[in-house]
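*Asks:* Dropping the structure in here first, questions after.
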Amino acid sequence: MAQYFTRSLLGLVFVLFLVSVITFFLMHQVPGGPFAREKKLPQAVLDNLNAKYSLDDPVWKQYVDYISDLLIPTVTTGEKKFSVTEDHLINIKLPFGDKTTFRWMNFGPSYTDRTRSVNGIIGTHLPVSFKLGVAAMLVAMVIGIPLGTVAALRKNSAADYFSMSVAILGVSIPAIVLGPLLQYVVGVELKWLPTSGWGSFEQLIMPAVSLGFAQSALLARLTRASLLQVLNEDYIRTARAKGLRSRQVVIIHAMKNAMIPVVTVLGPLFAALLTGTFVTERVFGIAGMGQYFIISINQRDYAMIMGTTLLFAFFIVVANFIVDLTYVWLDPRIRFD
Amino acid sequence: MTAETSEKVAQPLPGTARLGKELERSRGPWGDAVRRLIRHRAALLGLTVIIAFVLIAVFAPYLTSYTYAEQNYTAINTAPKWVIDLFPKMKPVGEDMGYVRVNNDYLLGTDALGRDLWTRIIFGARISLAVAFIGPLTSLLVGTVYGMTSGYIGGRTDNILMRLVDVMYAFPTLLLIILMMVFFRSSFTQSEVGSLAYRLNKIDAAFGGMLFIFIGIGITSWMDTARLARGQVLSLREKEFIEAARSIGVRDMAIIFRHVLPNILGPVIVRESLAIPRYISFEAFLSFIGLGVNPPTPSWGSMISEGSQAIKSYPNQAIFPALALFLIMFAFNFLGDGLRDALDPRASEANK
């Protein structure tokens, strides 16, 4: 187990490293730079800007600088003045007095928004996307898993056909379609929920549903298929034969095993939802990370591109990692060695 | 395989005539599949809708008197009477608080640039359908070749190739594809005249920006197919008929194409057909965030994106393309389900 743990942790780091390398070199391959304007800046200004941000260095050197800024932690003492070039994501106060602080993960300054650091922007907008992604995931699970369970338990009944129709509907209706539809019907016509904005619980409902519904359909199908298979197993018959109540059989014996394939998709699902927030944020006018990611690419805001890509990749990889660990809990037969 | 069987059946040996007749009546695996598909009502419905969309897309220029890029500045944000009646909150000019100008010349109304929505929707079908057919082809081609190679060679090669797939899986697909699109779009336009990049860019421009979408889909979607193909090959490789073929000296290539490929094609096709809606929504997504087709080429994704900005006042501009997108995805999902039941009956037992 411990061996498996370290190995997948190493794998995680390796993937993040690959992501950072590919992204860094790919984005530097794209012509234009953060300071390319419609009206060209004077060469002297451009040279100075490039020198300031070390953009005149060879790409590999820039990469090494970037990664070392990011990964090498520093310990500072005393009052720290805010600076866009030195703004760390992780700041932990150490118990040594004189405001000794352990600082780590400096994502550098944003090239286009000269007054903010990448951290500052991420700090304000990522929680929004994250919250939306988690809410959508909850929607997907709360709708999908019960629907699939009911369908499997009452196979070939009206409830089954109903749930599976909902599932087909769900996979055919992506956020890009459901968003505007909900917005119009629920927001504009019925006026039940606010059409846009962010902050209140009411404003979270529609974006979360429009994002999570499609995934709930996938979960419903998967839950149904997996539960049907498990219900045919011998040990379920044994449990029934020894007179356990049907609810007990389903919840204790069947569900735990039936959830294994479901859990496997939760990782990729969360990834899809997190990046899927791009669309939902735009439809519902939410200031999340999605817009920033696309704008940063269009403006070649290198530090910003790296920051967002790495963070998204981090969440995705960690989500997959957690999924791997959940396996072991769900099915002790699975051993990783 | 089917062809072989029926050829032999066509000239039966004397004395085996009865047996031959019986064989003739059985249709072989593909014939059975077609019959199962036809009996599947939902799949037939899906197929009908898809054929309707294909016809609309092919004959689009004859179904409208406008072009998709044509702007009429005197008819910006207009809607015909029936559309206004359809959406209760749209009030025509003249009524209390009315703001929508009525113009019955345009079937579904016009957008913020005075372009006909109907025309843009039917031409937009071309993009979605092109993605629906070429997306699976790229994924099929890359994935099957990759997966079969990996599975057939086995050993260390297999290990390395599959590790690569694992890494690709962990990669945030959407981020990669967005980066790729920006990369293609901006670096290829500045490439030297005559180079490959330049030519690709010209082809892309000629197709309204679709080539790069196909490449993007191809790059990000082959892994599933590769895994599936590999798994299938691994289980087939040990089967007796492969061993028999090898023992009589059939070459590797011939074994792969004549014996392995036909046997794994069923599940692979099923998987791909079920993935079609995903490719369609992928394109819509890219166009939605402005990295898809080049304007003014219409795509449902970009229409929804533009329309959703004005959803409170002109819901028709977003809702109609959204419905079109929904309809086509629905149809492909139905067809995909039917295909699975037809081609892969064992799988459909479990995952209905």
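*Asks:* A:Glu79 versus (1) away from every other protein chain (no Cβ under 14 Å); (2) part of a helix (DSSP H, G or I): which is the lone unmet condition?
*Replies:* (2) is the only condition that A:Glu79 fails.
*Asks:* With respect to the numbered conditions (1) modelled with pLDDT of 85 or more; (2) under 30 Å from B:Arg36 (Cβ atoms); (3) surrounded by fewer than 18 Cβ atoms within 10 Å (Cβ to Cβ), which one is the sole condition not fulfilled by B:Ser247?
*Replies:* (2)
*Asks:* Is it true that A:Thr277 is within 11 Å of chain B (Cβ to nearest Cβ) and either part of a helix (DSSP H, G or I) or over 21 Å from the mean Cα position of the chain (by Cα) (or both)? Don't jump to the end; show me each part of the working.
*Replies:* Numbers: within 11 Å of chain B (Cβ to nearest Cβ): yes; either part of a helix (DSSP H, G or I) or over 21 Å from the mean Cα position of the chain (by Cα) (or both): yes.
Yes.
*Asks:* Which of the following residues is modelled with pLDDT under 80 and either aromatic (Phe, Trp, Tyr) or assigned to a helix (DSSP H, G or I) (or both): A:Ile252, A:Ile305?
*Replies:* Exactly one of A:Ile252, A:Ile305 is modelled with pLDDT under 80 and either aromatic (Phe, Trp, Tyr) or assigned to a helix (DSSP H, G or I) (or both), namely A:Ile252.
*Asks:* Of the conditions (1) touching a Lys or Arg at 6+ places or on another chain (Cβ under 8 Å); (2) without any contact (Cβ under 8 Å) to a residue 60 or more places away in the chain, A:Val186 fails just one. Which one is it?
*Replies:* Answer for A:Val186: the failing condition is (1).
*Asks:* Now, a different point. Filter the stretch B:274-315 down to the residues that are of a type in the set (Val, Ile, Thr), more than 7 Å from chain A (Cβ to nearest Cβ) and over 15 Å from B:Phe123 (Cβ atoms) and list them by number.
*Replies:* Listed by number, the residues that qualify are B:Ile276, B:Ile280.
Okay, residues lined up against (1) farther than 22 Å from A:Pro180 by Cα; (2) modelled with pLDDT of 85 or more; (3) not charged (D, E, K, R):
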| position | (1), (2), (3) |
| --- | --- |
| A:Arg224 | yes, yes, no |
| A:Arg247 | yes, no, no |
| A:Ala271 | yes, no, yes |
| A:Thr275 | no, no, yes |
| A:Phe278 | no, no, yes |
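*Asks:* Quick check: anything in the stretch B:219-235 touching a His at 6+ places or on another chain (Cβ under 9 Å), surrounded by fewer than 13 Cβ atoms within 10 Å (Cβ to Cβ) and more than 30 Å from A:Pro31 (Cβ to Cβ)? Let's see the steps before the verdict.
*Replies:* Looking only at the stretch B:219-235, we keep the residues that are touching a His at 6+ places or on another chain (Cβ under 9 Å), and these are none.
Within the stretch B:219-235, none of the residues are touching a His at 6+ places or on another chain (Cβ under 9 Å), surrounded by fewer than 13 Cβ atoms within 10 Å (Cβ to Cβ) and more than 30 Å from A:Pro31 (Cβ to Cβ).
*Asks:* Give me a count of the residues in the stretch A:1-28 that are surrounded by fewer than 12 Cβ atoms within 10 Å (Cβ to Cβ) and either over 30 Å from A:Asp324 (Cβ atoms) or modelled with pLDDT under 80 (or both).
*Replies:* Total meeting the criteria: 3.
*Asks:* Let me ask something else about it. Kindly indicate whether any position in the stretch B:201-213 is of a type in the set (D, E, K, R), in a helix (DSSP H, G or I) and either surrounded by fewer than 19 Cβ atoms within 10 Å (Cβ to Cβ) or at pLDDT 85 or above (or both).
*Replies:* Let us first name the residues in the stretch B:201-213 that are of a type in the set (D, E, K, R), namely B:202, B:204.
From the residues that got through so far, the ones that are in a helix (DSSP H, G or I) too are B:202, B:204.
With either surrounded by fewer than 19 Cβ atoms within 10 Å (Cβ to Cβ) or at pLDDT 85 or above (or both) added as a condition, the list becomes B:202.
For the stretch B:201-213, residues of a type in the set (D, E, K, R), in a helix (DSSP H, G or I) and either surrounded by fewer than 19 Cβ atoms within 10 Å (Cβ to Cβ) or at pLDDT 85 or above (or both): present.
*Asks:* Working carefully through the options B:Gly143, B:Gly154, find the one that is over 30 Å from B:Thr78 (Cβ atoms), touching a Leu at 6+ places or on another chain (Cβ under 9 Å) and surrounded by fewer than 21 Cβ atoms within 10 Å (Cβ to Cβ).
*Replies:* Numbers: B:Gly143 fails: surrounded by fewer than 21 Cβ atoms within 10 Å (Cβ to Cβ).
Answer to the check: B:Gly154.
*Asks:* If a residue counts only when it is β-branched (Val, Ile, Thr), which helices (runs of 4 or more DSSP H) contained entirely in the stretch B:241-352 have at least 1 such residues?
*Replies:* Filter on the stretch B:241-352 gives B:261-288, B:300-308, B:316-343.
*Asks:* Another question about this same structure. So A:Gly243 passes all but one of these: (1) at negative phi; (2) away from every other protein chain (no Cβ under 11 Å). Which condition number does it fail?
*Replies:* Result: A:Gly243 fails condition (1) only.
*Asks:* Going by what's in this entry, would A:Lys61 be described as more than 14 Å from chain B (Cβ to nearest Cβ), surrounded by 12 or more Cβ atoms within 10 Å (Cβ to Cβ), of a type in the set (Lys, Arg) and on the phi < 0 side of the Ramachandran plot?
*Replies:* no
*Asks:* Against the definition (in contact (Cβ under 8 Å) with a residue 60 or more places away in the chain, within 13 Å of another protein chain (Cβ to nearest Cβ) and buried (at least 17 other Cβ atoms within 10 Å of the Cβ)), how does B:Ile178 come out, yes or no?
*Replies:* Considered against the rule, which asks whether it is in contact (Cβ under 8 Å) with a residue 60 or more places away in the chain, within 13 Å of another protein chain (Cβ to nearest Cβ) and buried (at least 17 other Cβ atoms within 10 Å of the Cβ), B:Ile178 comes out as yes.
*Asks:* Could you tell me which numbered condition A:Pro31 fails, if it satisfies all but one of (1) modelled with pLDDT under 80; (2) surrounded by 12 or more Cβ atoms within 10 Å (Cβ to Cβ); (3) away from chain B (no Cβ under 14 Å)?
*Replies:* A:Pro31 satisfies every listed condition except (3).
*Asks:* A follow-up question, please. Which condition number in (1) hydrophobic (A, V, I, L, M, F, W, C); (2) within 25 Å of B:Met181 (Cα to Cα); (3) assigned to a helix (DSSP H, G or I) is the one that A:Leu55 fails?
*Replies:* Just one mismatch for A:Leu55, condition (3).
*Asks:* From the list B:Glu272, B:Glu283, exactly one residue is under 12 Å from the mean Cα position of the chain (by Cα) and within 20 Å of B:Leu234 (Cβ to Cβ). Which is it?
*Replies:* None of the other options fit; the residue is B:Glu272.
*Asks:* Next question. For the stretch A:160-217, enumerate the residues that are assigned to a loop (DSSP other than H, G, I, E, B), within 12 Å of another protein chain (Cβ to nearest Cβ) and not β-branched (Val, Ile, Thr).
*Replies:* Hits for the stretch A:160-217 are A:Pro174, A:Leu190, A:Lys191, A:Pro194, A:Ser196.
*Asks:* Where the second residue is part of a helix (DSSP H, G or I) and surrounded by fewer than 17 Cβ atoms within 10 Å (Cβ to Cβ) and the first is touching a residue at least 12 places away in the same chain (Cβ under 8 Å) and lies in the stretch A:139-162, which pairs have Cβ atoms under 9 Å and are six or more apart or on separate chains?
*Replies:* Here the result reads A:Leu147/A:Phe162; A:Val150/A:Ala159; A:Val150/A:Phe162; A:Ala151/A:Ala159; A:Ala151/A:Tyr161; A:Ala151/A:Phe162; A:Leu153/A:Ala159; A:Leu153/A:Ser246, each pair linking the stretch A:139-162 to a residue that is part of a helix (DSSP H, G or I) and surrounded by fewer than 17 Cβ atoms within 10 Å (Cβ to Cβ).
The values are calculated or read from the model by the stated rules, or taken from the named source; none is laboratory data. Note that this is a predicted model, so its numbers are computed, not measured. Because the Cβ atoms are built from the backbone with ideal geometry, glycine has one as well, and the counts that use them run over all protein chains shown.
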